[in-house]
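The values are calculated or read from the model by the stated rules, or taken from the named source; none is laboratory data. Remember, predicted model here, so these are calculated numbers, not experimental data. Reconstructed Cβ throughout: ideal geometry from the backbone, glycine too, with neighbour counts over all protein chains shown. Each accessible area value is taken on the protein alone, full model and side chains, heavy atoms only, with ligands, DNA and RNA left out. Shrake-Rupley method; radii C 1.70, N 1.55, O 1.52, S 1.80 Å.
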Amino acid sequence: MSLREHGFAPVALDPVPGAVAAGFHEAPYRVVRLRMSWTADDDWLFLPVPSYEVPYDVPYDGADRRLEAGLAAVLRRTLGGPWLDVHADWLIELHLVRTVAPAGAVAPVRLPGPPGGGGFGLVAVAGRAGAGTARSRLFGAGGAGPLTEAALEPGQGLLFDRRTVGHARHELVAGPGGPVVQDLLAGHLSRPAGPEPALRRRPMLVHGPAGTLISTRPALR
């Protein structure tokens, strides 16, 4: 299924590192911001963006760095498709949401809306403990029937274009045998606000396919 054609596409996560799993365990909800830039090495570079909520004098510890590095590793292949413009940087706002549903119950998974219009959205199941099912529905801007319905398993997700998908609904259904705990990654991808750094505007020549030369931006280091 093509994201370009339908406005959404199923995606797969790379294995979730222990630092990311610990991030869900430490708090039922938290936000991590990353900046994603394409480099001359034909790969995405992920850099942390300071949180607006954390005071400047709060120390930045190793657990934060491990969480950010783990999230970058999880998302590198998931977001590496042809739908993202490699000539622009992307700001990723990731929400780590843990939901608990009692045995036999249906718990709504409440996710924050995008910080701005446009861009892309990501919903992916990073982990689940207990017998349960995730139900996700994506709706178009017109408010008609759902564009798609999916029962996401751990390691599976949906990437969607917000110009096509107006809103989404997510539920966690627990089996009768006991409660279920689910860790969900909800991401918003948008263009960073403000002028583009001068470094981005200076092209460089690198070897492309079959020995050709293509113009691209210099690598960020």
Going through segment 33-48 in order, the residues found to be in a strand (DSSP E or B) and open to solvent by 10 Å² or more (accessible area, probe 1.4 Å) are ARG33, ARG35, TRP38, TRP44, LEU45, PHE46, LEU47, PRO48
Among what's in segment 74-89 and is open to solvent by 50 Å² or more (accessible area, probe 1.4 Å) and closer than 21 Å to GLY18 by Cβ, pick the residue that is modelled with the highest pLDDT.
ARG76
Residue check for VAL16: in contact with a Gly (Cβ under 8 Å, 6 or more places away or on another chain), at negative phi, modelled with pLDDT of 75 or more and surrounded by 18 or more Cβ atoms within 10 Å (Cβ to Cβ):
yes
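Select from segment 124-162 the residues that are aliphatic (A, V, I, L, M) and out of contact with any Phe, Trp or Tyr (no Cβ under 8 Å at 6 or more places or on another chain) and list them in ascending order.
ALA124, VAL125, ALA129, ALA131, ALA134, ALA141, ALA144, ALA150, ALA151, LEU152, listed by residue number.
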In segment 8-26, anything of a type in the set (Val, Ile, Thr) and in a loop (DSSP other than H, G, I, E, B) is listed as VAL16
Inspect all residues belonging to segment 54-64 and state whether any of them is at pLDDT 80 or above and surrounded by 12 or more Cβ atoms within 10 Å (Cβ to Cβ).
no
Any residue in segment 139-162 that's basic (Lys, Arg): show its pairings with residues that are part of a strand (DSSP E or B) at Cβ separation under 8 Å, as long as the two are six or more apart or on different chains.
ARG162/PHE120; ARG162/GLY121
